[in-house]
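> Structure in structure tokens, see below.
The values are calculated or read from the model by the stated rules, or taken from the named source; none is laboratory data. Since the structure is predicted, the reported quantities are computational estimates derived from the model, not experimental observations. Cβ coordinates were reconstructed from backbone atoms using ideal geometry, including for glycine residues, and neighbour counts include every protein chain displayed.
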């Protein structure tokens, strides 16, 4: 019986190839990033890679980074949620550790903080893969203090490989009327 079972397993393995890369699962860690999904309907979800940066002294969150997947009608984007009260007039400086800037723009502020977003172009995706950190600098209203936040990029190359995000084909997105590409 063991010999027959062994032959059956061997023949099934030969006929049914085993996948080498699996889809990431919610909660899976890629270096300093976590794969997360939010259900939008019974058959769809918005997935992203997230990282929370905390203050060394207090371990309170000071920034939450999120990289969202490209979709058929839009490119992927990166967002950062920073503390409410950030002086957006003074601007937010963001750059990779090689000095290349990351063009975050203010999107909205809520009771949870201020959300800034930036599209992930092919050049940005390459910097996310190749660099070690993304540095932010901002100030809080009514203070003279400038805050510096460093986000690790460790794990993004593997995450992009497993999710197949930003693999070259995802940058050929057809413009939509809302995207203002004229």
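> Testing residue 100 on (1) closer than 14 Å to residue 118 by Cβ; (2) touching a strand residue (DSSP E or B) at 6+ places or on another chain (Cβ under 9 Å), one condition comes back false. Which one is that?
So residue 100 meets the others, but not (2).
> Quick one: residue 102 ticks every box in (1) surrounded by fewer than 19 Cβ atoms within 10 Å (Cβ to Cβ); (2) closer than 19 Å to residue 50 by Cα; (3) in contact with a helix residue (DSSP H, G or I) (Cβ under 8 Å, 6 or more places away or on another chain) bar one, so which box is it?
The single condition residue 102 does not satisfy is (1).
> Exactly one condition in (1) loosely packed, with under 15 Cβ neighbours inside 10 Å; (2) at pLDDT 85 or above; (3) within 24 Å of residue 132 (Cβ to Cβ) is not met by residue 78; state its number.
Answer for residue 78: the failing condition is (1).
> Exactly one of these conditions fails for residue 173: (1) over 13 Å from residue 67 (Cα atoms); (2) surrounded by 15 or more Cβ atoms within 10 Å (Cβ to Cβ); (3) at pLDDT 90 or above. Give me its number.
All conditions pass for residue 173, except number (3).
> Take residues that are modelled with pLDDT of 85 or more and surrounded by fewer than 16 Cβ atoms within 10 Å (Cβ to Cβ) and tell me which of the strands (runs of 3 or more DSSP E) falling wholly in the stretch 32-73 contain 2 or more. Steps first, answer last, please.
Values: elements: 33-41, 44-54, 61-68.
Filter on the stretch 32-73 gives 33-41, 44-54.
> I'd like the residue in the stretch 81-91 that is more than 23 Å from residue 34 (Cβ to Cβ) and in contact with a strand residue (DSSP E or B) (Cβ under 7 Å, 6 or more places away or on another chain) and, out of all such residues, is surrounded by the most Cβ atoms within 10 Å (Cβ to Cβ).
The first filter runs over the stretch 81-91 and keeps only residues more than 23 Å from residue 34 (Cβ to Cβ), leaving 84-91.
Now drop any that are not in contact with a strand residue (DSSP E or B) (Cβ under 7 Å, 6 or more places away or on another chain), which leaves 84-88, 90.
Details: 84: 13, 85: 14, 86: 20, 87: 15, 88: 16, 90: 13.
Taking the candidates together, the pick is 86.
> While we're on this one: Answer yes if at least one residue in the stretch 139-152 is without any contact (Cβ under 8 Å) to a residue 60 or more places away in the chain and under 30 Å from residue 25 (Cβ atoms), and no otherwise. Before the answer, list the steps.
The first filter runs over the stretch 139-152 and keeps only residues without any contact (Cβ under 8 Å) to a residue 60 or more places away in the chain, leaving 139-146, 148.
If we keep only those that are under 30 Å from residue 25 (Cβ atoms) too, we end up with none.
Checking the stretch 139-152: not a single residue is without any contact (Cβ under 8 Å) to a residue 60 or more places away in the chain and under 30 Å from residue 25 (Cβ atoms).
> Sticking with this one: Being in contact with a strand residue (DSSP E or B) (Cβ under 6 Å, 6 or more places away or on another chain) and at pLDDT below 90 is the filter; apply it to the stretch 141-150 and report the residue that is surrounded by the fewest Cβ atoms within 10 Å (Cβ to Cβ). Talk me through it step by step, then tell me what you get.
Applying the first criterion (in contact with a strand residue (DSSP E or B) (Cβ under 6 Å, 6 or more places away or on another chain)) to the stretch 141-150 yields 146-150.
With the extra rule that they be at pLDDT below 90, the set shrinks to 146-148.
Numbers: 146: 12, 147: 16, 148: 10.
Per the criteria, the residue is 148.
> Can I ask one more? In this structure, does residue 164 turn out to be over 17 Å from residue 101 (Cα atoms) and at pLDDT 95 or above? Before the answer, list the steps.
Details: over 17 Å from residue 101 (Cα atoms): yes; at pLDDT 95 or above: no.
It is false that residue 164 is over 17 Å from residue 101 (Cα atoms) and at pLDDT 95 or above.
> Got a sec? Which of 128, 153 is in contact with a helix residue (DSSP H, G or I) (Cβ under 7 Å, 6 or more places away or on another chain) and at pLDDT 95 or above? Steps first, please.
Details: 128 fails: at pLDDT 95 or above.
None of the other options fit; the residue is 153.
> Identify, from the list 159, 125, the residue that is in a helix (DSSP H, G or I) and either in contact with a strand residue (DSSP E or B) (Cβ under 8 Å, 6 or more places away or on another chain) or farther than 23 Å from residue 27 by Cα (or both). Don't jump to the end; show me each part of the working.
Details: 125 fails: either in contact with a strand residue (DSSP E or B) (Cβ under 8 Å, 6 or more places away or on another chain) or farther than 23 Å from residue 27 by Cα (or both).
Unique residue meeting the criteria: 159.
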